[in-house]
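So the structure is just underneath, and the comments pick up after that.
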Amino acid sequence: MAATVQAEEGKSASQGKTPLLAARQITKHYGSVQALRGVDLELYPGEIVGLVGDNGAGKSTLVNILSGALQPSGGTILVDGDEVSLNSSIEARNRGIETVYQDLALAPDLSVWANIFLGRETTRKGFLGWLGWLDRKAMSTDTERSLDRTRIRIGSVQSKAGQLSGGQRQAIAVGRAVAWGSKVILMDEPTAALGVEQQQRVVELIRTVSKGGLPVLLVTHNLPQVHSLCDRVLVLFQGQLIAELFPAQCSVEEIVSWITGAALTRSTNGG
Amino acid sequence: MAERSVSMTDTIRSAGKRLGQKPSSKEFLDKYGSLWTVLVLALVVLVFGLLSSTLFTQAGWEAVSKSTYEYLPLAIGETFVILTGGIDLSVGAVLGFSCVVSGTVMEHMLGTSTGSLGITVLGFVVGIAVGGLCGFLNGILITRLRLPPFIVTLATLYALGGATYIVSEEPIYQIPHQLVTFGQQSLFGGWFIAPVLVALACVVVFGVFLSRFRFGLRTYAIGSNRIAAERAGINVRRHLVWVYVLAGALAGLAGMLVSANFAQTSPLFGNNDELAAIAAVVIGGASLFGGRGNLLGTLCGTFLIAVLTVGLVLVQVTAFWQEVTIGVVIVLAVSVDQLLRSVSQR
Ligand SMILES: Nc1ncnc2c1ncn2[C@@H]1O[C@H](COP(=O)(O)OP(=O)(O)OP(=O)(O)O)[C@@H](O)[C@H]1O
Ligand SMILES: [Mg+2]
């Protein structure tokens, strides 16, 4: 529950500090498809960074690379300024990087608590615990408490994930990332299937998390949300970061024009 | 999830919340829907019991239980495999191969000064280890060459079938008498033979392992959503190898139980057993897509087949009709199961 640990960092992205997570010249190609062409990105404590772009711009590819689920074709990733190779999701998770994947990565046949704890199950003490005897009760109550705290309503934590609504499933994926994240939280369209109220909950959750000092990288197509929530917005266009915008100084329309590439042609024509 | 200090109000609140929740019919079906196999089993027992009173006698139980001990260990392993979304067609062949290898070793050892009990223990160790190795081979081929389990285990089914005869074409009767004593040992006033108790103990042990231990949870997770399991940090390939090792080792154990009871090891043992094992698992409510099923279902499925077989013999239906009936039961079992699922999913 490191997410709620209070840190002293201020809210603004302070360039003097080492970024908690950084990417340098990340490239990725799938066969002949060039999904990312040299992307640089830095996440500083406590900031909420929006990552926007059209469908197929490469947002999920970038998030999956940062979360260790996908290997980049080139480039480096730095955690706390140290170069690391994230060969699997577990390595990223062990470094405190939690991800809400676009496909949510939930096992439909497992209960809510099992999904939250999968891969880092609580076992009992003693020899049987060493053999993997699960402490189901502890995991259920912990899940109840952490979902309570995030004010996400999903009914019983014993229900199977597959029997919940799309929004509830999304809420679980978000709750899981927030519960475990201790360095960075990456969210790939965490509010896409949510109702207005639940969306508001997730927004509040993101704010709480960032106040606790964790940066949040938020991928979404909801531009008003990006504009009101994010400290910084990065625009990805055909695999390249073409703009870094500050919502405090720009309008939603401006973000849109960068996403569609209109601003790009304008600026090259103008320059 | 580090801190574990639950405040009093928290506890009371969540307890109250749980009490306040009525289980919906959805949840009820989800929890007990799989238990319908128990009902079908009870029904079949009742029907045959009425048709022929022999079923309810000790002789009837003996016949039923004797025809389960061979399949139970196989079906347990098969359940784990099917839960991961795989299939193991080779369990019968592994049974035959491991018991023949074990028989050859035991025959050889009988010429030495080792005692009968020692050779019996050795026989079990060899049988289970050879079975486990066969499963290891399956697991490695499936996870390293990324071949479908169906193809890999079909290949090992053939290869081990041949290898069994290469090791020994004839049955081996030179096995330690302690093994035979164990295999035919009747216990609890003649109600159980030792191999049946061993098989039932396996159901209990692995049932707990599957439902209460990390290995079991991860087995379900892999079959339910492999990518989610990988992202959750589970080493899916290594886990799958262990699942096939388990299935192989249990097949080896089954081979030893059969050898002990029949007082021989034979290359014929295990022939076509994979079909019965898969049938038992499927009748027990497991989904071939993985993620769903449990050992209680598999236990019922195994006994359902046994009661049907014995019951049909008791009412003097010919062997061919027995197989037709089992085929019908498989179709019925799976379609009722899907019906229940579609209701619970609504
Ligand atoms: N597994 C894959 N194999 C081949 N090409 C892929 C694969 N995954 C993504 N791509 C390609 O990479 C590019 C970027 O895809 P990505 O999923 O990162 O886009 P996105 O920005 O997340 O889009 P969306 O908003 O629709 O989620 C697309 O052109 C896509 O077709
Ligand atoms: Mg995407």
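The values are calculated or read from the model by the stated rules, or taken from the named source; none is laboratory data. Because the structure is a prediction, the values reported are computed rather than measured. Cβ coordinates were reconstructed from backbone atoms using ideal geometry, including for glycine residues, and neighbour counts include every protein chain displayed.
Looking at the range B:241-259, can you tell me whether even one residue there is part of a helix (DSSP H, G or I) and in contact with a strand residue (DSSP E or B) (Cβ under 7 Å, 6 or more places away or on another chain)? Please lay out each step first, then the result.
Step one: list which residues in the range B:241-259 are part of a helix (DSSP H, G or I), which gives B:241-259.
Narrowing the set further to residues that are in contact with a strand residue (DSSP E or B) (Cβ under 7 Å, 6 or more places away or on another chain) leaves B:259.
Looking for residues that are part of a helix (DSSP H, G or I) and in contact with a strand residue (DSSP E or B) (Cβ under 7 Å, 6 or more places away or on another chain), one finds at least one in the range B:241-259, hence yes.
Taking B:Asn261, is it more than 18 Å from the chain's Cα centre (by Cα), buried (at least 21 other Cβ atoms within 10 Å of the Cβ) and within 27 Å of A:Ala161 (Cβ to Cβ)? Quick ask: steps written out before the conclusion?
Details: more than 18 Å from the chain's Cα centre (by Cα): yes; buried (at least 21 other Cβ atoms within 10 Å of the Cβ): yes; within 27 Å of A:Ala161 (Cβ to Cβ): no.
In short, no.
Of everything in the range B:16-67, what is at pLDDT below 85 and of a type in the set (D, E, K, R)? Give them in sequence order.
Correct list: B:Lys17, B:Arg18, B:Lys22, B:Lys26, B:Glu27, B:Asp30, B:Lys31.
So that you can scan it fast, the table gives a plain yes or no per residue for (1) within 12 Å of chain B (Cβ to nearest Cβ); (2) touching a residue at least 40 places away in the same chain (Cβ under 8 Å); (3) among the aliphatic types (A, V, I, L, M); (4) buried (at least 22 other Cβ atoms within 10 Å of the Cβ):
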site	(1), (2), (3), (4)
A:Lys59	no, yes, no, yes
A:Leu70	yes, yes, yes, no
A:Asp82	no, no, no, no
A:Ser88	yes, no, no, no
A:Asp103	yes, no, no, no
A:Pro108	yes, yes, no, no
A:Ile116	yes, yes, yes, yes
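Counting just the residues of the range A:176-198 that are more than 16 Å from A:Ile48 (Cα to Cα) and out of contact with any Lys or Arg (no Cβ under 9 Å at 6 or more places or on another chain), which one comes out surrounded by the most Cβ atoms within 10 Å (Cβ to Cβ)?
Within the range A:176-198, the subset more than 16 Å from A:Ile48 (Cα to Cα) is A:176, A:179-180, A:192-198.
Going one step further and asking which of them are out of contact with any Lys or Arg (no Cβ under 9 Å at 6 or more places or on another chain), we end up with A:176, A:192, A:195-197.
Values: A:Arg176: 26, A:Ala192: 15, A:Gly195: 11, A:Val196: 8, A:Glu197: 9.
It comes out as A:Arg176.
Quick one: which of A:Gly31, A:Gly10, A:Gly38, A:Gly53 is more than 14 Å from every other protein chain (Cβ to nearest Cβ), touching a Lys or Arg at 6+ places or on another chain (Cβ under 6 Å) and modelled with pLDDT under 95? Give the steps one after another, and end with the answer.
Details: A:Gly31 fails: touching a Lys or Arg at 6+ places or on another chain (Cβ under 6 Å); A:Gly10 fails: touching a Lys or Arg at 6+ places or on another chain (Cβ under 6 Å); A:Gly38 fails: touching a Lys or Arg at 6+ places or on another chain (Cβ under 6 Å).
None of the other options fit; the residue is A:Gly53.
Would you point out which residue out of B:Gly233, B:Gly270 is surrounded by 23 or more Cβ atoms within 10 Å (Cβ to Cβ), assigned to a loop (DSSP other than H, G, I, E, B) and on the phi > 0 side of the Ramachandran plot? Show your work before the answer.
Numbers: B:Gly233 fails: surrounded by 23 or more Cβ atoms within 10 Å (Cβ to Cβ).
Unique residue meeting the criteria: B:Gly270.
Is it true that A:Phe237 is within 16 Å of ligand 1 (Cβ to nearest atom), modelled with pLDDT of 85 or more and over 19 Å from the mean Cα position of the chain (by Cα)? Don't jump to the end; show me each part of the working.
On the way: within 16 Å of ligand 1 (Cβ to nearest atom): yes; modelled with pLDDT of 85 or more: yes; over 19 Å from the mean Cα position of the chain (by Cα): yes.
When the stated conditions are applied, A:Phe237 passes them.
Would it be correct to say that A:Val174 is closer than 16 Å to A:Asp188 by Cα, among the β-branched types (Val, Ile, Thr) and at pLDDT below 90? Break it down into steps so the answer makes sense when it comes.
On the way: closer than 16 Å to A:Asp188 by Cα: yes; among the β-branched types (Val, Ile, Thr): yes; at pLDDT below 90: yes.
For A:Val174, the condition - closer than 16 Å to A:Asp188 by Cα, among the β-branched types (Val, Ile, Thr) and at pLDDT below 90 - is met.
Within the range A:122-166, how many residues are facing another protein chain (nearest Cβ under 9 Å) and within 21 Å of the chain's Cα centre (by Cα)?
4
Report yes if some residue within the range B:330-341 is surrounded by fewer than 21 Cβ atoms within 10 Å (Cβ to Cβ) and small (Gly, Ala, Ser); otherwise report no.
yes
Is there a residue in the range A:104-124 that is modelled with pLDDT under 95, within 28 Å of A:Pro19 (Cα to Cα) and either within 16 Å of ligand 1 (Cβ to nearest atom) or touching a Cys at 6+ places or on another chain (Cβ under 6 Å) (or both)?
Yes - at least one qualifying residue is present in the range A:104-124.
For the range A:189-203, state whether one or more residues are over 20 Å from B:Ala229 (Cβ atoms), within 13 Å of chain B (Cβ to nearest Cβ) and free of Cβ contacts under 8 Å to residues at least 60 places away in the same chain. Talk me through it step by step, then tell me what you get.
As a first pass, look at the range A:189-203 and keep what is over 20 Å from B:Ala229 (Cβ atoms): A:189-203.
Next cut, within 13 Å of chain B (Cβ to nearest Cβ) only: none.
No, because not a single residue in the range A:189-203 is over 20 Å from B:Ala229 (Cβ atoms), within 13 Å of chain B (Cβ to nearest Cβ) and free of Cβ contacts under 8 Å to residues at least 60 places away in the same chain.
Being under 26 Å from B:Ala63 (Cβ atoms), polar (S, T, N, Q) and more than 14 Å from chain A (Cβ to nearest Cβ) is true for just one of B:Ser186, B:Ser116, B:Ser168. Which residue is that?
On the way: B:Ser116 fails: under 26 Å from B:Ala63 (Cβ atoms); B:Ser168 fails: under 26 Å from B:Ala63 (Cβ atoms).
Among B:Ser186, B:Ser116, B:Ser168, only B:Ser186 is under 26 Å from B:Ala63 (Cβ atoms), polar (S, T, N, Q) and more than 14 Å from chain A (Cβ to nearest Cβ).
Of all the residues that make up the range A:49-79, how many are within 18 Å of A:Trp258 (Cβ to Cβ) and away from ligand 2 (no atom under 13 Å from the Cβ)? Spell out the reasoning first.
Pass one, the range A:49-79, residues within 18 Å of A:Trp258 (Cβ to Cβ): A:49-59, A:62.
Now restrict to residues that are away from ligand 2 (no atom under 13 Å from the Cβ): A:49-50.
Total satisfying the criteria: 2.
Determine whether A:Gln170 is within 16 Å of ligand 2 (Cβ to nearest atom), surrounded by fewer than 19 Cβ atoms within 10 Å (Cβ to Cβ), in contact (Cβ under 8 Å) with a residue 24 or more places away in the chain and of a type in the set (S, T, N, Q). Talk me through it step by step, then tell me what you get.
Working: within 16 Å of ligand 2 (Cβ to nearest atom): yes; surrounded by fewer than 19 Cβ atoms within 10 Å (Cβ to Cβ): no; in contact (Cβ under 8 Å) with a residue 24 or more places away in the chain: yes; of a type in the set (S, T, N, Q): yes.
No.
For A:Arg95, indicate whether it is more than 28 Å from B:Thr84 (Cβ to Cβ), touching a helix residue (DSSP H, G or I) at 6+ places or on another chain (Cβ under 6 Å) and more than 8 Å from every other protein chain (Cβ to nearest Cβ). Reasoning before the result, please.
On the way: more than 28 Å from B:Thr84 (Cβ to Cβ): yes; touching a helix residue (DSSP H, G or I) at 6+ places or on another chain (Cβ under 6 Å): no; more than 8 Å from every other protein chain (Cβ to nearest Cβ): yes.
No, not satisfied.
With respect to A:Ala192, determine if the residue is within 16 Å of ligand 2 (Cβ to nearest atom), part of a loop (DSSP other than H, G, I, E, B) and either over 30 Å from B:Gly207 (Cα atoms) or of a type in the set (Phe, Trp, Tyr) (or both). Quick ask: steps written out before the conclusion?
On the way: within 16 Å of ligand 2 (Cβ to nearest atom): yes; part of a loop (DSSP other than H, G, I, E, B): yes; either over 30 Å from B:Gly207 (Cα atoms) or of a type in the set (Phe, Trp, Tyr) (or both): yes.
For A:Ala192, the condition - within 16 Å of ligand 2 (Cβ to nearest atom), part of a loop (DSSP other than H, G, I, E, B) and either over 30 Å from B:Gly207 (Cα atoms) or of a type in the set (Phe, Trp, Tyr) (or both) - is met.
A:Arg149 is checked against (1) away from ligand 2 (no atom under 16 Å from the Cβ); (2) crowded, with 18+ Cβ neighbours inside 10 Å; (3) not aromatic (Phe, Trp, Tyr) and fails just one. What number does that condition carry?
Going through the list (1) away from ligand 2 (no atom under 16 Å from the Cβ); (2) crowded, with 18+ Cβ neighbours inside 10 Å; (3) not aromatic (Phe, Trp, Tyr), A:Arg149 breaks only (2).
Since A:Val216 meets every condition but one in (1) crowded, with 24+ Cβ neighbours inside 10 Å; (2) within 16 Å of ligand 2 (Cβ to nearest atom), which condition does it not meet?
Looking at each condition in turn, A:Val216 falls short on (2).
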